[in-house]
Amino acid sequence: MNARILPKIPSLLFYLALLVYLLVRLIDLENFPIYFFSDEAIQTVRAADFVRDNFKSESQEFFPTYFKNSYQYNLGPSVYIQILPTLMFGKHIWVTRATSVLFTVLAALAVGLSARQIFKNKIGWLAILFFSLMPAWFLHSRTAFETVLAVSFYSAFWYCYLVYRQKDRRYIYAATVFAALAFYSYSPAQIVVCVTILAFFLNDLKFHLADRKTILRALFLGLILFLPYFRFLNNHPGEVLNHLQIVDANWISELSLWQKVASYLREYMTGLSPAYWLIPNELDLPRHLMKGYAHLWMPASPFILIGIVTCLVKWRQSEYRMIMIAVLAAPSGAALAQIGITRALFMVFPASLLATCGILKTYEWMQKFIHSRKIPQSFFSTLLPVIIFLGLLCANAGMLMDSLINGPTWYTDYGLYGMQYGAKQIFGEIKNDLKQNPQSKIVLSPGWANGTDILSRFFFPDPIPFTLASADSFLQNIQPLDSSTSLIVLPNELEDLQKSAKFTNINIEKTITYPNGEPGFYFIHMQYIENIEEIFSLEKVARRELIGGDFILQDESQVGVHYSPMDMGTIQDVLDGDPLTVARSWESNPFRFIFDFQEPRKINQISMRVGGEPTRIEIDLWQNMDTEPIRYTQNLSEKPNPRQATIDVNLPQSVIKAEIRVYNENESEPAHVHVWEIRFKPDQ
């Protein structure tokens, strides 16, 4: 009886490990991570739009390669996998995240089956449980971020290539398909996949050449799978450059070639650093961290290090070189911009294999060490694996319990620059309010999260039955406001409203608290005071009055400047040569600057750094005050980040006065306009 049961134990543990992996992701999936981010919601929103628009994207492409994510085209398979679940179950957090979780089973299977194939041991369950315990993967695999899908497809690609190399050459076709899916899923994956393919090709060159027909067929399949990318480049010729600008990649900066290489290598080495992976760090945004945990499971650290040494010792064997190739390729895409866990998440796959390799090596040493003590072989073949399984099962359960119980208060910055908490709670309350009073006019402040317009469309059908507007809009100008208007504002916004003396009868109807018990969102009713029109009229006059003084330019020369009132920064921030300091107009649009030079100044060029909104720049230059100024105009389209604007002048005579007007084309006055820098070239 036992002889028949024992061989089945590894298979049983393998399936149980997969079950554990799924359960620790699906249990209470909506509540951890505590946020529901716009980058998750947009997958489902774009899927619903795609079906609604007869399988066309917002740019009217039929079955597009990529869908637009705010300012860039970078959503591919992550949208397509959400189509069927959205049609069947609608837009729900659990459905969106669970769909992503189910695809991560590909990665769990890949790591388990790879461990079986490489180590010739039915130990795949161990690799799956290690993989499940990697904190970076535990956190992100419970989200619908596209990086998770890319890692899953990459893992499947890696495993299929392994089977091609060791067992069945036909698996090269499956490897090619999964490589393409990973390539299209996430932009950093493009570099990781290409680096891995090149390394695999060189690693097994003789093996490939022994069956050229198979390789040529796989290459032909790869070219077919690459056609959608060619179509994308043809339809959106500037989009790759736009994406590099958005992530602030050094390769398109003004740095020298050697500086770019040095910057890339610095980021790449950070992505390989044990300190980054095996020690808790604060380099990443809090919403991408589990407090007190490293990105890789710390108890596995010694086994990972043993695994690396083992791979180096067995370097002559292709499969061990493959593991190290995956390690070296993992940060290659992230290093183009800046190392971050979402971009470098590919590391969790080879790290799990290394941990499995290390524990197997330790197991071999244990067997040799206690062989003389006559411990029954059944202890090693049956009892010890069960003990290890139960230990890792408890570790998985412990991590799940810790994240669900303590995770909500690990980090207490719940706002825009922190956890961006509140989507489920706020929109749930709005639904209840509208159900009770369909005529209610609700205004929601968007300042607590990125992409609140996308989140709104996830929770409500088009058109959304409420308005997105900040409390500032009520402070800056008269807005419709009656007894049926309910505002949802943040604590700092409520304080601003109360201090402004522009409102009366500010009543707090209810409060949504943060997980730590502090107030997060206030539902309020209020009214304008009686003479509000007079107050706004006086403010409009005030914000047009310029402020004057003498200041120092970047070249240390003195200049008289008159400028619009500001509510952020100072005029010196615009003239200090520092691209990170910023000034913001109080409410005037345009943001005006008038420069009176003490001595006539030769100007060839005016360089500015302005915001990413659609911007118009007007410049008037006087060579003498008896003639009309010469005007220069530049229009800038919308970009996600601040950018440089350069206006070539090259006037034959010197300039005695200059006026610069910067318009935010998105908004009418009152509005904020941001300017980081103004510089007249050449310097004197």
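Observations, loosely collected:
- Each 10 Å bin from zero up to the one holding the largest Cα-Cα distance in the stretch 538-681 carries the following percent of pairs: 12, 44, 36, 8, 0.
- Charge tally in the Cβ shell below 13 Å around Ala175, where Lys, Arg are +1 and Asp, Glu are -1, Ala175 excluded: +3
- For the listed peptides 95-104, 508-517, a ranking on the average number of other beta carbons within 10 Å per residue, highest first, reads 95-104, 508-517.
- Among Cys394, Cys194, Cys357, Cys160, the order by Cβ neighbours within 10 angstrom, fewest to most, reads Cys394, Cys194, Cys160, Cys357.
- At 1.002 mPa s and 20 °C, Stokes D of the chain from Kirkwood alpha-carbon radius, µm² per second: 74 µm²/s
- Directionally averaged shadow of the stretch 109-183, computed from the convex hull of its alpha-carbon atoms, nm²: 4.9 nm²
- When you count the other C-beta atoms within 10 angstrom of each residue and take the mean per peptide, 161-168, 145-152, 177-184, 663-670 line up highest first as 145-152, 177-184, 161-168, 663-670.
- Between the residues Leu390, Leu481, Ala41, the greatest Cα displacement towards the positive end of the dipole of the chain, with unit charges on the Cβ of Lys, Arg, Asp and Glu, is found for Leu390.
- Charged neighbours of Ser332, selected by a Cβ distance under 14 Å, balance to +1 (K, R count +1; D, E count -1).
- Farthest toward positive dipole pole in the stretch 220-334 [+1 Lys/Arg, -1 Asp/Glu at C-beta], among Trp251, Pro228, Leu283: Pro228
- Largest-first principal axis extents of the Cα set of the stretch 423-530 (Å): 38, 33, 25
- Sequence-distant contacts, meaning Cα pairs under 8 Å at least 6 residues apart, place the relative contact order of the chain at 11 percent.
- Nearest-ten-degree value, helix 318-329 long axis tilted from longest Cα axis of the chain: 10 degrees
- Among 133-141, 420-428, 201-209, 315-323, sorting by the average number of other beta carbon atoms lying within 10 angstrom of each residue, highest first, gives 133-141, 420-428, 315-323, 201-209.
- Calculated diffusion of the stretch 2-409, Stokes-Einstein form, Kirkwood radius summed over Cα pairs, 20 °C and 1.002 mPa s, µm²/s: 96 µm²/s
- Taking the longest Cα principal axis of the chain as reference, the axis of helix 257-272 is set at about 50 degrees.
- Estimated from helical segments only, the mean residue ellipticity of the chain at 222 nm is -15000 deg cm²/dmol, where each DSSP H run of four or more residues counts as -39500 (n - 2.57).
- Helix axis angle, 423-436 relative to the chain longest principal axis, alpha carbon, degrees: 70 degrees
- In order through the stretch 71-83: 3J(HN,Hα) via Karplus (6.51 cos²θ - 1.76 cosθ + 1.60), integer Hz, x for Gly, Pro: 9, 9, 8, 8, 10, x, x, 5, 7, 4, 5, 8, 4
- Near Glu61, once Lys and Arg are set to +1 and Asp and Glu to -1 for all other residues with Cβ below 14 Å from its Cβ, the sum equals 0.
- Which of Trp158, Trp277 has the fewest Cβ neighbours within 10 Å, and the rest in rising order: Trp277, Trp158
- In the stretch 538-681, a dipole from Cβ-located charges (positive for Lys and Arg, negative for Asp and Glu) runs towards its positive end, and of Tyr563, Gln623, Asn650 it is Asn650 whose Cα lies farthest in that direction.
- Bridging of Lys502 to lysines at a Cα separation below 29 Å is possible for Lys441, Lys510, Lys540, once same-chain residues fewer than 8 apart are set aside.
- Which of Glu518, Glu40, Glu556, Glu659 has the fewest Cβ neighbours within 10 Å, and the rest in rising order: Glu556, Glu518, Glu659, Glu40
Any read-out appearing in this document is the output of simple, stated calculations on the displayed coordinates, not a laboratory observation. Predicted model only: the values in this text are computed from it and were never measured. So basically every Cβ, Gly included, is an ideal-geometry build from the backbone, and we count neighbours across all protein chains shown.
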